[in-house]
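The values are calculated or read from the model by the stated rules, or taken from the named source; none is laboratory data. Just so we're clear, the structure is a prediction, and the values are computed from it rather than from any experiment. Neighbour counts run over all protein chains shown; Cβ positions are idealised from the backbone, glycine included. Protein only, heavy atoms only, side chains kept; ligands, DNA and RNA dropped before computing areas. Shrake-Rupley method; radii C 1.70, N 1.55, O 1.52, S 1.80 Å.
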Amino acid sequence: YSRSVKTMEAYKEKYPDIDIFIDVHRDAANVETQQDDVVTIDGKRCARLMFVVGTGEGTNGGYNPRPNWEANYTLAKSITEQLDSINEKFTRDIRVKPGRYNQHITDMCLLVEVGHNANTLQEALNSMPHLAKSISQVVKKV
């Protein structure tokens, strides 16, 4: 995060009209028990998605500056609802954690876990058009 924040700050300065920052990860899973943790959409196996929102709290009083985690949570919740309208099991519950995850850069920062290490690359790729469309639909409303 210490390196990626520099990139985010540089892009924010170079392109001040950027509305949203999206950090894409994959989660860790037990490969033995979570092998079929997918949803099928339009005949394609899609990795399930999960958003992570950092509150900025932590040891020694937390981070300064802290993210407006409520705004980031509202954004993640809106996109989650959009994705779940495609398939009710498309997303896992939003995970709220005490970290910051560079979500202090703007009130529209997403950290999305695209499946996990038990998913295939193709399953993760199959989820991307749905994620992109859902983000687009939600951001238009904001």
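Could you please let me know if A29 is among the small types (G, A, S) and under 15 Å from H116 (Cα atoms)? Answer is yes for this residue. Between R3, R48, the distinction of being basic (K, R) and farther than 20 Å from V138 by Cβ belongs to R3 only.
Being farther than 23 Å from G43 by Cβ, in contact with a Leu (Cβ under 9 Å, 6 or more places away or on another chain) and either not charged (D, E, K, R) or not in a strand (DSSP E or B) (or both) holds for only one residue in L83, L75, and it is L75. Identify all residues within the range 19-52 that are under 26 Å from N68 (Cβ atoms), open to solvent by 60 Å² or more (accessible area, probe 1.4 Å) and part of a loop (DSSP other than H, G, I, E, B); write none if there are none. Hit for the range 19-52 is D19, nothing else.
Of the residues that sit in the range 109-123 and are surrounded by fewer than 19 Cβ atoms within 10 Å (Cβ to Cβ) and part of a loop (DSSP other than H, G, I, E, B), which one is farthest from the chain's Cα centre (by Cα)? Lay out the reasoning, then the answer.
So in the range 109-123, the residues surrounded by fewer than 19 Cβ atoms within 10 Å (Cβ to Cβ) come out as 117, 120-122.
From the residues that got through so far, the ones that are part of a loop (DSSP other than H, G, I, E, B) too are 117, 120.
Values: N117: 16, T120: 18 Å.
Applying the filter and picking the extreme gives T120.
Checked against (1) touching a Gly at 6+ places or on another chain (Cβ under 8 Å); (2) among the hydroxyl-bearing types (S, T, Y); (3) without any contact (Cβ under 8 Å) to a residue 60 or more places away in the chain, Y101 meets all criteria but (3). Please go through the range 1-55 and give me each residue that is among the aromatic types (F, W, Y) and closer than 19 Å to S78 by Cα, ordered by number. Correct list: F21, F51. Of the residues making up the range 53-82, those that are aliphatic (A, V, I, L, M) and surrounded by 18 or more Cβ atoms within 10 Å (Cβ to Cβ) are V53, L75, A76, I79. The set of residues in the range 37-75 that are modelled with pLDDT under 90 and within 24 Å of K133 (Cα to Cα) contains only D37.
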